[in-house]
Every structure is written in structure tokens, then in C-alpha cells.
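The values are calculated or read from the model by the stated rules, or taken from the named source; none is laboratory data. Treat the numbers as computed from the prediction; the structure is a model and nothing was measured. No Cβ is skipped: glycine too gets one built from the backbone with ideal geometry, and neighbour counts run over all protein chains shown.
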Amino acid sequence: MAPMRWSGFGGFALLTAALSLSACTNAPGSRGPTEGTEYCDVIQDYVLPDDCTEFAKQAARQTDGTAAFNAPNPLERGESFTVWLAVAADPPKPHPTPAPSPTPAPSPKPSPAPSEDASAAPVAEATDNAALVTPAPPPATTADLAPAPERVVAQMPGHVQHFSVTVGEFVAADLQGDDSFEIKPLRDRTQRVHLGKPYPSTVWGWQVTPKRGGDHMMTITTVVQVKDRQGQFWDVVSTPHSYGFHVKVGVVGWIQDTLESAPFWLKLVTGVVVALSALIVAVTDLRKKVLALFGIGSGKSEPPDQPSGGKP
């Protein structure tokens, strides 16, 4: 099995740029200035003032996040592979616990004068020394967090890849490639992402079927979106991530490619050979059935469809 090759593939730079540009286009389309609208910095377009105010509130909730997917490792032509993408908001980092301040050494005390209750003196001195010792801080408690995106996609076949993204309450995701692939989405493009505890992952999926072998590239793009009062989504921040991989061609595929690229006369000869082979198989099968009809055969009986002699 050929090892997976992850590279930039400079020849695909133009394709990646085009895919990234298309992913950044606002879903409803640019409206331009009209009566009653104003320019909104959030979406860089003209909308109603109330919509822009709502967009600003949604954009203020954006935060850092992590995306992970199971890249095919490797991929074979004609065989389908499901790419799963998990996206989650990053939980806040715990604050470092300050080191305890050093406890000053107790100053020596003068020896007490002998008294009738001399046995109580050592106890009192030990109590005073114990009061000067700083108690150890309680152990830090960790929040009950959902599995990270890397752990979510690690359950599936493939090679786990992850990258940093910006997330909001609504995130869209796209998987794009060249015409060498048939890509079928399995989830809605836009989904809601939970921005608080336990910071669960939102999952997208695509069924990918390569139609040609060789080195190829795909691009996964996550897009933070805002939602207007009419229920339309507007793209705000996009994060594309491109990855390259190799598509293998099996023996059957190699034979098919050879026949497709062969001259016409060779294809004709191959077709005749295949037809003759099928005819020989059919004649042989017919001969066996005729001999069996007249009781002529090798004396061997056909194996039963299921075992016998057992309990019903």
C-alpha cells in the first residue's frame, strides 16, 4: 500500500484561490444601496439598520475554535469514502495556579519558666507552630467537557487532520475539489454551533468518490454566518484548509484504462475474446445439465444448500 502523501501541490494554487473566493460570497447576494438601507461593516454590504444591529450582536459572540476531519489515507478510484468534519468552540484556558508564598520560619521562643503544669507546654508550642503552616490549596477541578473534534473524527477511518477556525452561533461548511470527484453532502451546509459548556462538536459529512487516479487536492472551508430577521444567512468569516492526497488505481481499473486507451482494432479483438469465453462457459454448463438429465455424470452429488441432521 503506497503511503499517504500530504503536500501543497503548487499546481493547484489557482484552484484553491478560486474555491476560497467562491466560499466567501454572501449567500443572499450583494444587494447594493437601496432606500432605507445602510452599509453594515459586519457583512460588508447594505442592509436594514435593524438587521445590521442584530448582525453586530451575533458577530460579537464569535470565538476561536478547532476543526478536525478524517482525511482519506489512502483513497482508491471508484471506492467511496466518507469525510467527516467536526467543529467546536475552544473552551477557555485554565488560569495558572499561583505558587504558594513561602512561610516564614517561626522565631524562637524563650523557654518557659517551670510550672506545675509543665506537661501542657509542649502541646501549646506545637499548636502555635501548626498555625504558622500554610495549608495546601485544594486540587483544581476540571470542567466536564465534551470530546474534542480530534477525538470525534478519530473514530472513523482515515488520517486525522485539524486546524484552527473562527466559530459563531451559525457555521457553514463546504468540501470542494476538481471534477475528478463526485461529492455528495450528508448533512445540512449550515448548522448551529454551541458556544458554551460542554463545548460539543458539530459534525458535517460528505461521501467522496474519486473518478481518476493520481495526485489531487480538496479544500474544506468553514464559514461563520449571521442570520437576518427573514431567516437568510450571510457569510462573515471563512477559513479554508486545503490538503493533497494520492488516489490509487487497482488492477481492474488499470485494465479498464488500458482498454479505453487501446486502438479500435485491439478493442474489437478483446471484445471477440470475451464473447467467445462467455460462449464456452455457457456451452459447458449446458452440457452438464443435459448429462445430468439422462443420469450421466461423474457420480458426485451437489453440496446441499444447508446442513442436515441437526436439531430442527
(message) Just the residues that are among the small types (Gly, Ala, Ser), touching a helix residue (DSSP H, G or I) at 6+ places or on another chain (Cβ under 9 Å) and at pLDDT below 85, please, taken from the stretch 217-268.
(response) Ala262
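Could you pull out the residue among Gln191, Gln176, Gln161, Gln207 that is within 14 Å of Phe81 (Cα to Cα) and within 16 Å of the chain's Cα centre (by Cα)?
Working: Gln191 fails: within 14 Å of Phe81 (Cα to Cα); Gln176 fails: within 14 Å of Phe81 (Cα to Cα); Gln161 fails: within 14 Å of Phe81 (Cα to Cα).
One residue alone meets the criteria, Gln207.
Does the stretch 173-186 include one or more residues that are buried (at least 18 other Cβ atoms within 10 Å of the Cβ), in contact with a helix residue (DSSP H, G or I) (Cβ under 9 Å, 6 or more places away or on another chain) and not acidic (Asp, Glu)? Explain how you work it out, then say what you get.
Just the residues of the stretch 173-186 that are buried (at least 18 other Cβ atoms within 10 Å of the Cβ), to begin with: 173-177, 181.
Next, from what is left, pick out any that are in contact with a helix residue (DSSP H, G or I) (Cβ under 9 Å, 6 or more places away or on another chain): 174, 176-177.
If we keep only those that are not acidic (Asp, Glu) too, we end up with 176-177.
Within the stretch 173-186, one or more residues are buried (at least 18 other Cβ atoms within 10 Å of the Cβ), in contact with a helix residue (DSSP H, G or I) (Cβ under 9 Å, 6 or more places away or on another chain) and not acidic (Asp, Glu).
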(request) Within the stretch 269-297, count every residue that is surrounded by 11 or more Cβ atoms within 10 Å (Cβ to Cβ) and modelled with pLDDT of 70 or more. (result) 5
(message) Is it the case, given these coordinates, that Glu76 is surrounded by 14 or more Cβ atoms within 10 Å (Cβ to Cβ), in contact with a Lys or Arg (Cβ under 6 Å, 6 or more places away or on another chain) and among the acidic types (Asp, Glu)?
(response) yes
(request) Would you please name the residue that is modelled with the lowest pLDDT, looking only at residues in the stretch 187-216 that are surrounded by 18 or more Cβ atoms within 10 Å (Cβ to Cβ) and part of a loop (DSSP other than H, G, I, E, B)? (result) Gly213
